[in-house]
Amino acid sequence: MEERDLILDCALQNMPESFKKIVSKDDFIVTMSTRAQEIKSKTKDFVRSDIGQCVGVIPELEVYYGPDIGKIELRSLVAEFWTHFYKLDKLNYENVAITSGATQAFSLLFAILGYKQKVILSTPNWPTFPDTIAKAGAECIKFELINEDSRIRLEELSKFIEKEQAKIILINSPNNPSGIALTEEEMGNFAALARRHNLIIISDEVYNRIRFRDKPQTMLSFAPERTVVVSAASKEYLIPGHRIGFVISRCKELTNVFLKKLLRCDSSCTSVAGQDVIIPIIRKEVVELKNGKQPSFLVPVIKELRRRRDALGECLKSAGFGLMGDRLPDGSIFMLAKLPKEIKLSDVEFIEKAIEMKKFSGIPGSACGKPGWLRFSFGGMTMEDIEKFGKNLREVISTLK
């Protein structure tokens, strides 16, 4: 069986019948519009009356539809970047789909690959994942992949897979909410486990390049035949409001056919303005990589985030909080902190109290599958904010003792 067939076979077996009907039929409008666009580019007098938008009324304000699956220029740049940065076998634009943020990508992938199947969600987890999995018609089963000592629990996972007879797993590294990242050795061991159990891996790599320890790695390097990666411009390029997500896979049928047809009836197209913002940035990064340099865009971003991470960690430790793995996060913009033993409130009650006192906010760990812990975002706080946070945190702790 060819590498790509593992993912293709999984999709064809599992996706809902309604999806199968969509991806198996030709779309006359798309086919005709493509032909019309090509003729117009070569024939001056050809008139296009198929365009479903207003053109030439207030030209300076008009933003036109883009391709369903993203601009080929952006898809090609993402493919080039991933090929060079992660030293992968050559990818091209057909291996990349541009989505309306990572959330849309996950929503469609859970349905394509996991409909009516069990999807293992590695915890702690982004709170929206269980709902996104359920919305796709799949069953979410949780497993704590990394324990509080930051040890990856592969032996226990193997037994869990056998018990549940699951074939799909979602992993997230660096992790939201903990900031813990899998090491190169751990990713290799995980890939070997996935092969033994014939798992399909959906790899959430949204925070992959925001690293403070070790260099970024992708599961596509370790298990390309069974991995679908979801990334985004939201965190790495600081533009979450533009809603630009990436799906990257060796299986071109998934990215260039299935997602193309499903995205057309889901959102018509991804934000054109957002794509235009990110194209010149990634183009510059690709040039840097080809010239033997490291991409420069994130250098000042990571420098500032490291300062914030260190400052927030000091605030939390001095207030008696514990950190995952007893260390600062490896990456991401989040930190997971354990409530001090002397605090007798739950994580939800503690945050409620802090908000009631108008001191600070945070996400209870219970929402992320980690009760007794709290998630704080140093990405969303300036150094001045962190200084105020430390003062306010001490006031709340003092009140509760």
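The values are calculated or read from the model by the stated rules, or taken from the named source; none is laboratory data. Since the model is a prediction, treat every value here as computed from it, not as a measurement. As a convention, Cβ positions derive from the backbone with ideal geometry for all residues, glycine included, and neighbour counts pool all protein chains shown. Remember, those area values only see protein heavy atoms, side chains included, never the ligands or the DNA or RNA. Shrake-Rupley method; radii C 1.70, N 1.55, O 1.52, S 1.80 Å.
Observations on the structure shown:
- Of all the residues in the stretch 343-386, those that are within 19 Å of L323 (Cα to Cα) and either in contact with a Lys or Arg (Cβ under 7 Å, 6 or more places away or on another chain) or not in a loop (DSSP other than H, G, I, E, B) (or both) number 22.
- Meets criteria (of a type in the set (K, R) and surrounded by 17 or more Cβ atoms within 10 Å (Cβ to Cβ)) for R308: yes
- Candidates in the stretch 137-169 are the residues that are of a type in the set (A, V, I, L, M, F, W, C) and more than 21 Å from the chain's Cα centre (by Cα); of these, the one that is nearest to E17 (Cα to Cα) is A166.
- Within the stretch 282-305, tally of residues that are over 30 Å from T31 (Cβ atoms) and either open to solvent by less than 40 Å² (accessible area, probe 1.4 Å) or among the polar types (S, T, N, Q) (or both): 12
- Hey, R264 modelled with pLDDT under 95, in a helix (DSSP H, G or I), open to solvent by 50 Å² or more (accessible area, probe 1.4 Å) and out of contact with any Phe, Trp or Tyr (no Cβ under 6 Å at 6 or more places or on another chain) or not: yes
- Here F222 fulfils each of the conditions (1) at pLDDT below 95; (2) of a type outside the set (D, E); (3) within 19 Å of the chain's Cα centre (by Cα) apart from (1).
- Members of the stretch 337-367 found to be of a type in the set (S, T, Y) and over 21 Å from E314 (Cβ atoms), listed by number: S346, S366
- Hits in the stretch 97-114 - residues which are within 17 Å of R226 (Cα to Cα) and not aliphatic (A, V, I, L, M): F106, F110, G114
- Test: K87 is modelled with pLDDT of 95 or more, open to solvent by 60 Å² or more (accessible area, probe 1.4 Å) and either assigned to a helix (DSSP H, G or I) or not β-branched (V, I, T) (or both): yes
- Some residue of the stretch 172-184 being in contact with a Ser or Thr (Cβ under 7 Å, 6 or more places away or on another chain) and assigned to a strand (DSSP E or B): yes
- Of the criteria (1) under 24 Å from A111 (Cβ atoms); (2) at pLDDT 95 or above; (3) in contact with a strand residue (DSSP E or B) (Cβ under 8 Å, 6 or more places away or on another chain); (4) not charged (D, E, K, R), which one I69 fails: (2)
- The stretch 193-215: number of residues that are farther than 22 Å from E155 by Cα and over 14 Å from the mean Cα position of the chain (by Cα): 5
- The listed residue being within 14 Å of V78 (Cβ to Cβ) and either in contact (Cβ under 8 Å) with a residue 40 or more places away in the chain or under 15 Å from the mean Cα position of the chain (by Cα) (or both), out of V286, V272, V257, V228: V286
- Top-ranked residue of the stretch 378-394 - restricted to ones that are within 16 Å of E314 (Cβ to Cβ) and without any contact (Cβ under 8 Å) to a residue 60 or more places away in the chain, ranked as least open to solvent (accessible area, probe 1.4 Å): N392
- Listing of strands (runs of 3 or more DSSP E) fully contained in the stretch 92-149 that carry 3 or more residues being closer than 30 Å to S268 by Cβ: 96-99
- Restricting the stretch 336-353 to residues that are within 30 Å of E236 (Cα to Cα) and of a type in the set (A, V, I, L, M, F, W, C), the residue that is most open to solvent (accessible area, probe 1.4 Å) is V348.
- Taking (1) modelled with pLDDT under 95; (2) crowded, with 17+ Cβ neighbours inside 10 Å; (3) in contact with a Ser or Thr (Cβ under 7 Å, 6 or more places away or on another chain); (4) within 23 Å of I248 (Cβ to Cβ) in turn, I333 satisfies each apart from (1).
- Looking across K135, K167, one residue alone is out of contact with any Cys (no Cβ under 8 Å at 6 or more places or on another chain), among the basic types (K, R) and surrounded by fewer than 22 Cβ atoms within 10 Å (Cβ to Cβ). It is K135.
- Enumeration of residues in the stretch 170-213 that are buried (at least 21 other Cβ atoms within 10 Å of the Cβ) and hydroxyl-bearing (S, T, Y): S173, S178, S203, Y207
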